[in-house]
Each structure stands twice: as C-alpha cells, then as structure tokens.
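Just below is one structure, and these are the notes that go with it.
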Amino acid sequence: MSGGLAVDETDADTIYVGTLQGVLISHDGGQTLEPAGASLEVDKQAVSRLWTVPSRPGRVYATAKDGGLFVGQFE
C-alpha cells in the first residue's frame, strides 16, 4: 500500500497526501489538491508514510516505498 495523510498541526486546513506520484497539498481542508512543488527522487515517488511535527510548521516528512526519507518545506 502506498500513501499517507498528514494534517499540518499548526493549520488544520493544510493537508498533505502521499500518492504513487509523490506528495499533494491542500490549503482548504482537502477540497482541492495540487502537487506540493517539491519532488521525491524519480525512482522513489511512491509514498509509504507521511507526517508533520508541531515544532516545524509547513514541513512534511515522507518515506518512500522503496526506501529513503524526504523532507519538504511548504509555505
């Protein structure tokens, strides 16, 4: 299974969604989604886990299904 869902702990309307193609972001509680703007490595697009940390607003962490850790900062 690929994917994941994380809510920005400082802004509940900001949601990150992990997909087979990378990370999508929503700023309206999930009504619309768009590519997050930062890409994972080409051969590691499938996200297996996604999370945020309250002390780092706008930052999302993702692990790829095929290994590796991605850290993205989104405003």
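Values for this structure:
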read-out	value
Ranked by how many other beta carbons lie within 10 Å on average, peptides 13-19, 3-9 from highest	13-19, 3-9
Sites Ser55 and Glu34 - FRET efficiency at Förster radius 22 Å, r taken between beta-carbons, to 0.05	0.30
Theoretical gain in end-to-end length, Asp66 to Thr10 [0.36 nm per residue, Cα-Cα removed]	17.2 nm
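A short reminder: the numbers here are calculations on the coordinates, not readings from a lab. Quick caveat: nothing in here was measured; it's all calculated off a predicted structure. We place every Cβ from the backbone using ideal geometry, glycine too, and count neighbours over all the protein chains shown.
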